[in-house]
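To keep things clear, I will list the structure first and then write my remarks on it.
The values are calculated or read from the model by the stated rules, or taken from the named source; none is laboratory data. Source: prediction; values computed, not measured. Cβ placement follows ideal geometry from the backbone for every residue including glycine, while neighbour counts extend to all protein chains displayed.
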Amino acid sequence: MKNQEFIYLDNNSTTPVDPRVVDTLVPYFYEKPGNAASRNHPFGWVAEEAVDYAREQVANLIGADPREIIFTSGATESDNLAIKGAFEMYKRKGNHIITLTTEHKAVLDTCRYVEKLGGEVTYLDVEEDGLIDLAKLEAAIKDNTIMISIMYANNEIGVIQPMKEISAMCKKHGILFMSDATQAVGKIPIDVNDLGIHLMAFTSHKMYGPKGVGALYVRRKSPRVKVTAQVDGGGHERGMRSGTLNVPGIVGFGKAAELCQREMEAEAKRLSVLRDKLETELMKMEETYINGNTDHRMPHVTNISFKHVEGEGLMMTFNQQVGVSSGSACTSASLEPSYVLKALGLGDDLAHSSIRFSLGRFTEEKDIDRAIELVSAGVQHMRDLSPIWEMYKEGIDLDSVEWQEH
Amino acid sequence: MAYSEKLLDHFKNPKNVGTLDKGKKNVGTGLVGAPECGDVMRLQIEVDEDSNVIKDAKFKTFGCGSAIASSSLATEWLKGKTIDEALAIDNMAIVEELALPPVKIHCSVLAEDAIKGAIKDYQEKNNEK
């Protein structure tokens, strides 16, 4: 299957590596194979220099100092390091962490682990639009709270949390503010100083860089933040993350960051126009609903429920031509529909019917036009097949039907 | 997840999609599953009362590709079978025919239940045992 023919609208899962990034990183496999920690020969010096430069590129993207960037294997590791590392480092101050029920599993499961270590975690519910209620967040803060971990933008619905307000609250209460910003960095402008954030996790492969490399931003000044290493060894990354640096990956990450910094503003505008077109056209079909807040949302994401149509079945109608994701249980091993959509108060039926479209740098208008055609036809096909669509059309109240649940 | 050719064909070109007249005495309807579970299957049979042979079968399914393919296949198998033969259809035969992966076995169970439900409805309408 050629990339050019396949319409990829699943960029929140991963992005293709930009060819300009590929060109930059490839020499670091063979021509420049050094270990950045080798101090005694040119291969090592070249690698170290390349990593330093990439560190600057990544830091610049988020307005940080290069010394505040810890390279990791990806956002999952960064989340682990931030949460477990801060819990260990600050346990004398308290053991309570606040997070959201709609966080990524990398945060939720890490918090579960911290609970096993004696930590106390509050999993705060979000409102129907996916955003937090700041008053509820403040009410959850206790004397022993050491950290609030709230994602910048949600991976499934794209809603952007009120980061500045959360940050101000953390400052007021003397709490660390950590954010999993995986879906936001490189897509919208972020300045860690403007935000006053203390720890921030993000990754290369969501911003047109290679997989297997990510970063944790760790604030150095006012206040100086430290995390206890979770991977021990040679003391790389200022002792916070040992392990030989993934030089080609880091070089690619740096280049990707530079490109995003230069292009994201125009790109966000372009993608929001395409996203809006896709959304407007698909919403013309009856019984179609947008999930999550649409005013505070990433420019390239929309999550839509097509009622009385099952998501995985719908995807099968067009998945040779268009790639998307669904919150349907059938796409997960657990056979449970999306916990994020359920946290918004969506019924299981609408969660099963949801499709996430996430556009990217290589999405063109003709792709959107074709996707609109194929998805609309798919919805029609599935509704023609759907007994509950027929019942709905006959005016039968589906809530009054006695279903034989399995 | 890669699906078998047979499954994909039943999904893309489903056989016997539609609705039979519930009001007719020789039509039996089975409705199983629930929207909250992500699967609802409605399977109907029309029986020739003299010979006890199923002369027509139709379905509509809300569900994933495997659920749709399982019900499409079930309607194909039902046509021309007697009630007793139809009652003997086992979900594992559907699993085998469509090469359903383990997580999709419940789709075949649902199809078997829909067959049994349709037959039960027909028998109740006709006071048979």
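Here are the numbers for this structure:
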{"quantity": "Region A:255-310, subset of a type in the set (Lys, Arg) and touching a residue at least 24 places away in the same chain (Cβ under 8 Å), residue farthest from A:Tyr392 (Cα to Cα)", "calculated": "A:Lys255"}
{"quantity": "Selection within region A:352-406 - assigned to a loop (DSSP other than H, G, I, E, B), under 32 Å from the mean Cα position of the chain (by Cα) and within 30 Å of B:Lys22 (Cβ to Cβ)", "calculated": "A:Ser353"}
{"quantity": "Filter result (in a loop (DSSP other than H, G, I, E, B), more than 9 Å from chain B (Cβ to nearest Cβ) and at pLDDT below 95) within region A:308-344", "calculated": "A:Asn319, A:Gln320, A:Gly327, A:Ser332, A:Ser334, A:Glu336, A:Ser338"}
{"quantity": "Subset of region A:15-56 (residues that are in contact (Cβ under 8 Å) with a residue 60 or more places away in the chain and of a type in the set (Asp, Glu))", "calculated": "A:Asp18, A:Glu56"}
{"quantity": "Selection status of A:Ala82, touching a helix residue (DSSP H, G or I) at 6+ places or on another chain (Cβ under 9 Å), part of a helix (DSSP H, G or I) and either in contact (Cβ under 8 Å) with a residue 24 or more places away in the chain or not hydrophobic (A, V, I, L, M, F, W, C) (or both)", "calculated": "yes"}
{"quantity": "Helices (runs of 4 or more DSSP H) contained entirely in region A:125-199, each with at least 3 residues that are closer than 22 Å to A:Ile62 by Cβ", "calculated": "A:163-173, A:192-195"}
{"quantity": "Subset of region B:22-46 (residues that are among the acidic types (Asp, Glu) and modelled with pLDDT of 95 or more)", "calculated": "B:Glu46"}
{"quantity": "Out of B:Glu76, B:Glu96, sole residue that is under 21 Å from B:Gly18 (Cβ atoms), at pLDDT 95 or above and of a type in the set (D, E, K, R)", "calculated": "B:Glu76"}
{"quantity": "Selected residue [more than 27 Å from A:Ser338 (Cα to Cα), within 23 Å of the chain's Cα centre (by Cα) and buried (at least 19 other Cβ atoms within 10 Å of the Cβ)] from A:Val159, A:Val185, A:Val247, A:Val227", "calculated": "A:Val227"}
{"quantity": "Residue satisfying all of: in region B:100-109; within 11 Å of another protein chain (Cβ to nearest Cβ) and β-branched (Val, Ile, Thr); farthest from the chain's Cα centre (by Cα) among these", "calculated": "B:Val103"}
{"quantity": "Close pairs (6 angstrom Cβ cut-off, 6 or more residues apart or separate chains): touching a residue at least 40 places away in the same chain (Cβ under 8 Å) and surrounded by fewer than 22 Cβ atoms within 10 Å (Cβ to Cβ) in region A:57-71, in a helix (DSSP H, G or I) and basic (Lys, Arg) anywhere", "calculated": "none"}
{"quantity": "Cβ-Cβ under 8 Å pairs, at least 6 apart or on other chains, region A:375-404 side within 11 Å of chain B (Cβ to nearest Cβ), far side surrounded by 13 or more Cβ atoms within 10 Å (Cβ to Cβ) and of a type in the set (Lys, Arg)", "calculated": "A:Leu385/B:Lys60; A:Ser386/B:Lys60; A:Pro387/B:Arg42; A:Pro387/B:Lys60; A:Trp389/A:Arg383; A:Glu390/B:Lys60; A:Tyr392/A:Lys307"}
{"quantity": "A:Pro33 of a type outside the set (Phe, Trp, Tyr) and part of a helix (DSSP H, G or I)", "calculated": "no"}
{"quantity": "Residue in region A:277-295 that is closer than 30 Å to B:Pro101 by Cβ, within 14 Å of chain B (Cβ to nearest Cβ) and assigned to a loop (DSSP other than H, G, I, E, B) present", "calculated": "no"}
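Residue by residue, here is whether (1) of a type outside the set (Asp, Glu); (2) under 18 Å from the mean Cα position of the chain (by Cα); (3) under 25 Å from A:Lys221 (Cβ atoms) holds:
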| site | (1), (2), (3) |
| --- | --- |
| A:Trp45 | yes, no, no |
| A:Arg55 | yes, no, yes |
| A:Val58 | yes, yes, yes |
| A:Ala64 | yes, no, yes |
| A:Thr72 | yes, yes, yes |
| A:His96 | yes, no, no |
| A:Leu100 | yes, yes, no |
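Okay, residues lined up against (1) within 10 Å of the chain's Cα centre (by Cα); (2) surrounded by fewer than 19 Cβ atoms within 10 Å (Cβ to Cβ):
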residue	(1), (2)
B:Glu49	no, yes
B:Lys55	no, yes
B:Lys60	yes, no
B:Gly63	no, no
B:Ser72	yes, no
B:Leu78	yes, no
B:Lys81	no, yes
B:Ala93	no, yes
B:Leu98	no, no
